[in-house]
Amino acid sequence: QVQLVESGGGLVQPGGSLRLSCVVSESIFRLNIMAWYRQAPGKQREFLAAILRGGSANYADSVQGRFGISRDNTKNTVYLQMNSLQPDDTAVYYCNVFPERYIRSWGQGTQVTVSS
């Protein structure tokens, strides 16, 4: 079973930036498409961005132009650069494979809180 450890969250002011990391216990090259998701209190989990093993990426409209997903296949690590953060971005952020129907389990996630 794939183990995923997300980190890099924290408290940030509106307009600020954070970079999240996700270390994966298996080869992300083999897993192919990796993605970031988030879940805000009282809301369903939301897809944010996905990246293919070669680096091509897609984004949800809600984060297009503000967030950037990247990966280092040699380190089995996926990153999410988040800029221009707003209070609506407050959530627990998770990485995992894409699409969701292939997901067997989730990591603990990393909390991002955007507040002044």
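Couple of notes before you dig in:
- Of the chymotrypsin sites (Phe, Trp or Tyr not before Pro) found in the range 26-115, the ones in coil according to DSSP and having at most 16 other Cβ atoms within 10 Å of their Cβ are Trp106.
- Per residue of the chain, the DSSP helices (runs of n ≥ 4 H) give a summed -39500 (n - 2.57) that works out to -500 deg cm²/dmol at 222 nm.
- Stokes-Einstein D for the range 1-62, Kirkwood Rh over Cα pairs, 4 °C, 1.567 mPa s (µm²/s): 96 µm²/s
- Computed over every Cα-Cα pair of the chain and binned at 10 Å starting from 0, the pair-distance distribution P(r) comes out as 15, 51, 29, 4, 0 percent.
- For the chain, the share of DSSP beta bridges that are antiparallel, to the nearest 5, is 90%.
- The H on the amide N of Asn76, modeled in the peptide plane, is under 5 Å from the matching H of Ile28, each at least 5 residues off or on a different chain.
- Shown in residue order for the range 64-74 are the 3J(HN,Hα) couplings computed by the Karplus curve 6.51 cos²θ - 1.76 cosθ + 1.60 at θ = phi - 60°: 3, x, 10, 10, x, 9, 8, 8, 10, 5, 6 Hz (x for Gly and Pro).
- Each Lys and Arg adds +1 at its Cβ and each Asp and Glu adds -1 at its Cβ; summed about the Cα centre, the chain shows a dipole of about 260 debye.
Only the coordinates and a few stated rules stand behind these numbers; no lab work does. Everything numeric in this text was worked out from a predicted model, so none of it was measured. Note that we place each Cβ from the backbone using ideal geometry, even for glycine, and neighbour counts take in every protein chain shown.
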